[in-house]
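First the structure, in the form of structure tokens, and then the observations on it.
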Amino acid sequence: MNRVFTVCLLLLLACSESTIEPDFQRTGEEYFPLEVGNYSIYNVESIEFDILGTIDTAVFQLKSEVVDSFASQNGEITYIIHRHTRNTENDPWEFQSAWSAYLNANQAVLIEENTPFLKITFPIENDRQWDGNRLNTLEQDDYVLDSLGSAYIAPNDTIENTLTIIQSDNQDFIIQQDKRVEIYGLDIGLVYKQSLLLSYCAEQICIGLEEIESGFSYTQKLVEYGEN
């Protein structure tokens, strides 16, 4: 009887330990990896439109590299990310800005130009929704997690396991179109980003003709990643 009780107790403890042990792929932290030395290189196309009909296009490469880390007062590790750009692969990198990021059990946060954005909340699941501006003073901006576990075809590779964050999907071609999407790869991080914000002419003579008065289009595609 005692032997049976001992076996049952051991099985109960084993089950308890397995439920406490974190499953990082389920929680989602590995879609936003942060480690000093990690870098990613992207091809970027940025297009700006103005009311005069001018279209200003810039094509360049962006390098994002985690260069340092430090512990904050609450025990979280903040990572410093340096961003460099160059016009072509043959040009030297030029420093542009320093961002930062951190992870905890509930969220992944990227601080862009001193403004924190809540990129992902954990645990991850399709249709999960949150306010991406919850940590800053900007107006509410609801993000939705979609396509968890889907493959993404990158310029130089196929990334088998990704998730998509739909930040906005306003397909209004009459007044204003606002489409913002980010895709994250397992153990890689950001692999694709699109931001499209276009304001159309709303006067009687041109409404519905999709005449762009102002706006921009920004596309960022991963071409290389690794560790220094």
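Descriptive notes on the structure:
- Residue within region 58-75 that is closer than 19 Å to residue 112 by Cβ and in contact with a Gly (Cβ under 7 Å, 6 or more places away or on another chain) present: yes
- Unique match (being modelled with pLDDT under 95 and closer than 24 Å to residue 32 by Cα) among 185, 149: 149
- Which listed residue is loosely packed, with under 14 Cβ neighbours inside 10 Å, under 15 Å from the mean Cα position of the chain (by Cα) and modelled with pLDDT of 95 or more, from 167, 220, 129, 140: 129
- Of the residues making up region 150-164, just one is in a strand (DSSP E or B), surrounded by 13 or more Cβ atoms within 10 Å (Cβ to Cβ) and small (Gly, Ala, Ser), namely 150.
- Being in contact (Cβ under 8 Å) with a residue 40 or more places away in the chain, assigned to a strand (DSSP E or B) and either among the aromatic types (Phe, Trp, Tyr) or farther than 22 Å from residue 113 by Cβ (or both) holds for only one residue in 143, 192, and it is 192.
- Flag: residue 92 does not match the condition of being modelled with pLDDT under 95, surrounded by fewer than 19 Cβ atoms within 10 Å (Cβ to Cβ) and under 20 Å from residue 63 (Cβ atoms).
- Residue within region 167-178 that is among the aromatic types (Phe, Trp, Tyr) and part of a strand (DSSP E or B) present: no
- Output for region 114-130, where each listed residue is outside any strand (DSSP E or B) and under 16 Å from residue 190 (Cα atoms): 124
- For region 181-196, the tally of residues that are among the charged types (D, E, K, R) and either farther than 19 Å from residue 124 by Cα or out of contact with any Leu (no Cβ under 8 Å at 6 or more places or on another chain) (or both) stands at 2.
- The combined condition, being at negative phi, among the β-branched types (Val, Ile, Thr) and touching a helix residue (DSSP H, G or I) at 6+ places or on another chain (Cβ under 7 Å), is fulfilled by residue 120.
- Residue identified as touching a Leu at 6+ places or on another chain (Cβ under 6 Å) and within 30 Å of residue 71 (Cβ to Cβ) among 118, 110: 118
- Taking region 38-110 and the strands (runs of 3 or more DSSP E) fully enclosed by it, the elements with 1 or more residues that are small (Gly, Ala, Ser) and on the phi < 0 side of the Ramachandran plot are at 38-49, 55-71, 94-103.
- Against the list (1) in contact with a Leu (Cβ under 6 Å, 6 or more places away or on another chain); (2) at pLDDT below 95; (3) of a type in the set (A, V, I, L, M), the condition residue 135 fails is (2).
- The single condition among (1) assigned to a strand (DSSP E or B); (2) closer than 30 Å to residue 53 by Cβ that residue 223 does not satisfy is (2).
The values are calculated or read from the model by the stated rules, or taken from the named source; none is laboratory data. These numbers come from a predicted model, not from an experiment. Glycine also receives a Cβ, built like all others from the backbone with ideal geometry; neighbour counts cover every protein chain displayed.
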